[in-house]
Amino acid sequence: MKRYIRFIMFLALQFNFIIGFSQINNAFGQEEEEEETEKEYIFSIRLIPNQSGGLIQCLILKGDIKKPEKILLLTTNSWVMQATGYESSKANPKTENLIQKYKIFEIPEEVTKTGEKEILFYSLKKTEAILNNLWRLKYSEYPYYNPEKNNDKGWARHSDLNITWLPSEAQMRILNEYGIENFGDFISEENTFRLLRDVRDKDWQTRYIQSAGVSFQTNEDSTSNHP
């Protein structure tokens, strides 16, 4: 009888051990899964030329923006694809549409009715147009030879009109509000999307331009219209 009781107790201990190990193992698996979706990278831009001939850098980075641990440069298209959640990204593990989250622009009703592909196309082209117009913050005229753009005017106005590649001190103070002390600075994710939203606003454009102490007519802004 004693042997039978010992055997039953032995089985109970074995069962409890197996159950306990299984629970620990499951918890460990859950932690791994949470780590995989943890956001370690952020979206960022810099208002300096890239190696492909563009006038801004699109990137994601890990760590502090003042001293990042890792920097991954992206094409404008890939940056937008990742930011909208249509392409996997270390900076967007939950594949959110950050363009909609930060309310950069609204998708017109006629586009939403046409389906997911048209929404994606609209979002990509619209966001790319905004990014490609950020050169206006730094330059008073388009800096490269391009017959399609050489008549375009930027919004920057340095006190020395011969300097066409820098804004005025007052305009730099406005950019300071987005964490931009120098044009080589990495802009935080929140400030990046805030800047993309604000530059579309006509009142913001007017404030930026007139802060330089000059008055001139802006071109029709392609950032506020579907390209």
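The values are calculated or read from the model by the stated rules, or taken from the named source; none is laboratory data. Here the structure is a predicted model, which is why all the values come from computation and not from measurement. Every residue, glycine among them, receives a Cβ derived from its backbone with ideal geometry; neighbour counts consider all protein chains shown.
Would you confirm whether or not region 124-132 contains a residue that is over 16 Å from residue 192 (Cβ atoms), in contact with a Lys or Arg (Cβ under 8 Å, 6 or more places away or on another chain) and assigned by TED's automatic domain parsing to the domain that holds residue 197?
Checked region 124-132: no residue is over 16 Å from residue 192 (Cβ atoms), in contact with a Lys or Arg (Cβ under 8 Å, 6 or more places away or on another chain) and assigned by TED's automatic domain parsing to the domain that holds residue 197.
So if I check each of 151, 176, which one is farther than 30 Å from residue 68 by Cα and surrounded by fewer than 16 Cβ atoms within 10 Å (Cβ to Cβ)?
None of the other options fit; the residue is 151.
Do we find that residue 86 is assigned by TED's automatic domain parsing to the domain that holds residue 180 and under 26 Å from residue 51 (Cα atoms) in this structure?
yes
Give the residue that is modelled with the lowest pLDDT, with candidates limited to residues of region 111-169 that are of a type in the set (Lys, Arg), in a loop (DSSP other than H, G, I, E, B) and within 18 Å of residue 209 (Cβ to Cβ).
Checking each candidate, the answer is 157.
Taking the condition of being part of a helix (DSSP H, G or I) and in contact (Cβ under 8 Å) with a residue 24 or more places away in the chain, how many residues in region 198-215 meet it?
Adding up the residues that qualify gives 4.
Taking region 91-100 only, how many residues are surrounded by 13 or more Cβ atoms within 10 Å (Cβ to Cβ) and touching a residue at least 24 places away in the same chain (Cβ under 8 Å)?
Final tally of qualifying residues: 6.
Count, please, the residues in region 184-197 that happen to be part of a loop (DSSP other than H, G, I, E, B) and at pLDDT 95 or above.
Of the residues in that region, 4 qualify.
Write out, first by first residue and then by second, each pair whose Cβ atoms fall under 7 Å of each other, whose residues are 6+ apart or on separate chains, and whose first residue, in region 40-54, is at negative phi while the second is of a type in the set (D, E, K, R) and part of a strand (DSSP E or B).
Close Cβ pairs (under 7 Å, with a partner that is of a type in the set (D, E, K, R) and part of a strand (DSSP E or B)) amount to 40/62; 41/62.
Test residue 149 against the stated conditions and say whether it is in contact with a Lys or Arg (Cβ under 7 Å, 6 or more places away or on another chain) and charged (D, E, K, R).
no
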